[in-house]
Amino acid sequence: STEVILVDKHVNKETNYAQAVDIIRQGGIVAFPTETVYGLGADATNAEAVSKIFEAKGRPADNPLIVHVDSKETAVTYVDEVSEKALKLMDAFWPGALTLIMKSKPHIFARNVTADLETVGIRVPNHPVALNLLKRLQLPVAAPSANTSGKPSPTLAEHVYHDMENKIPLILDGGPTKIGIESTVLDMTSEPPVILRPGNVTKAQIESVIGTIRLSAELHGNAPKSPGMKYAHYAPDAPVYLIEDDSKLIHKAIEHVQGKGKKIAVLSSTEYPEADFHFPLSPETLYSSLRKCDMTDADLILAGVPAERNDSDFMMNRLEKAADHKWFS
Ligand code: TXA
Ligand code: MG
């Protein structure tokens, strides 16, 4: 069975963490909230513990996990050759939604954390529950998003419970996550550094601290996909199609789909009462709206994307994955 402990309004209550600390120290896994999405955490130095994460998620072994630590001071003890730029970014954005890929010191992390790479992704989460847990543990915690592999990341403890019931012993329920989309992943091992996954910390914000960086070629939509990114589909059961968020176009699409006797769910910032189902679309609501589609009998999901967007737009990036780049036509 899976226990859920409500910590939302009692983030400093000692007993909220005792059980989680015990489980992780003994090689088990625990779900906990971060400011981006919920994570599924294990002792990053214990290969057997980490393997339980891959098993619970059904995650391919060649997709490395992010290591969560309590501070910059802890992080630098785990990496070789910390660059000036990396230190500046830690000062500017940690705790926060920025994961830095750096060269790992050998023999610190279990090999399955980094999928045998020489690099490791590290971040300090900006959430009182995550930080309290990490401080008490004094261990690096490997934690991917706490969803079944391929499903939308969890922004509520209920989402974690839905995917992980009877697969993990404990969920710390810290209420809804603030940002709702996973951290920005920035590869510091290349020069200039490269954004591998866009997130709430933007390219412009990073550039204001360290100067010019680049966007991974695959974010421009043409290059072959790198390990890790190729697996992330964030997809509900029904097919998702992108459409310009233009009321005329969306009205026509709804009519067309319903005219074929099919049910349609619309995700958009404005409401479409004639759609069979409508859910809000914003970074904070994207994943829960995609999950709500799975509770309906919609045959098709239409996601209205704003006209103003660019390659480093993190919501658009996730929508494209959910839709597998399909546009409604
Ligand atoms: O916001 C987040 O980052 C959440 C919360 C729980 O912290 N975590 C998360 O983890 O999204 P996950 O495992 O779902 O995504 C990790 C991403 C993957 O795209 C993975 O390929 C990439 O980070 N990654 C991790 N280590 C890497 C490495 N050494 N080199 C390149 N990419 C790496
Ligand atoms: Mg994930």
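Points worth noting:
- Relative to the Cα centre, the charge distribution of the chain, modelled as +1 at Lys and Arg Cβ and -1 at Asp and Glu Cβ, gives a dipole magnitude of about 260 debye.
- Under a model in which nothing but the beta-carbon of Lys, Arg (+1) and Asp, Glu (-1) is charged, segment 37-84 shows a dipole of about 340 debye around its Cα centre.
- Less than 5 angstrom separates the built amide H of Arg214 from those of Val194, Ile195, all sequence-distant by 5 or more or on a different chain.
- Largest GNM mean-square fluctuation among Val113, Val67, Val209, using the chain with Cα springs under 10 Å: Val209.
- Positive-end residue of Met164, Ser83, Thr202, charge dipole of the chain with Cβ unit charges: Ser83
- Lys, Arg +1 and Asp, Glu -1 on Cβ, resulting dipole of segment 170-216 about Cα centre, debye, nearest 20: 120 debye
- For the chain, built as a Gaussian network whose Cα springs stay under 10 Å, the top-fluctuating residue of Gly261, Gly199, Gly39: Gly261
- The listed peptides 25-31, 284-290, ordered by packing as a protection proxy, come out as 284-290, 25-31 (highest mean of other Cβ atoms within 10 Å first).
- Considering only Val266, Pro280, Asn63, and ranking their Cα positions along the charge dipole of the chain that arises from unit charges at the beta-carbon of Lys, Arg, Asp and Glu, the one farthest toward the positive end is Asn63.
- Residues whose amide H falls under 5 Å from that of Ala303, counting only those 5 or more places apart or on a different chain, are Tyr241, Leu242, Ile243, Leu267, with hydrogens built in the peptide plane.
- Estimated vicinal HN-Hα couplings, Hz - segment 76-83 in sequence order (Karplus 6.51, -1.76, 1.60; Gly, Pro = x): 5, 6, 9, 10, 8, 6, 6, 7
- Candidates Leu242, Leu186, Val257 compared by Cα position along the dipole of the chain: farthest toward the positive end lies Leu186, with charges placed on Cβ.
- Segment 190-202 - phi-based ³J(HN,Hα) in whole Hz, Karplus 6.51/-1.76/1.60, Gly and Pro as x: 10, 10, x, x, 10, 6, 8, 9, x, x, 5, 7, 8
- Kyte-Doolittle mean at least -1.0, axial Cα span of 15 Å or more - DSSP H helices of the chain: 15-25, 47-57, 247-259
- Helical mean residue ellipticity (222 nm; -39500 (n - 2.57) per DSSP H run of 4+; nearest 500) of the chain: -8000 deg cm²/dmol
- Within the accessible surface of the chain, defined with a 1.4 Å probe on protein heavy atoms only, the carbon and sulfur portion equals 51 percent.
- Across Lys52/Lys167; Lys178/Lys203; Lys9/Lys178, pairs whose alpha-carbon gap is larger than 18 Å: Lys178/Lys203
The values are calculated or read from the model by the stated rules, or taken from the named source; none is laboratory data. Source: prediction; values computed, not measured. Here Cβ is always computed from backbone atoms with ideal geometry, including for glycine, and neighbour counts include all displayed protein chains. Keep in mind that these areas ignore ligands, DNA and RNA; they rest on the heavy atoms of the full protein, side chains included. Shrake-Rupley method; radii C 1.70, N 1.55, O 1.52, S 1.80 Å.
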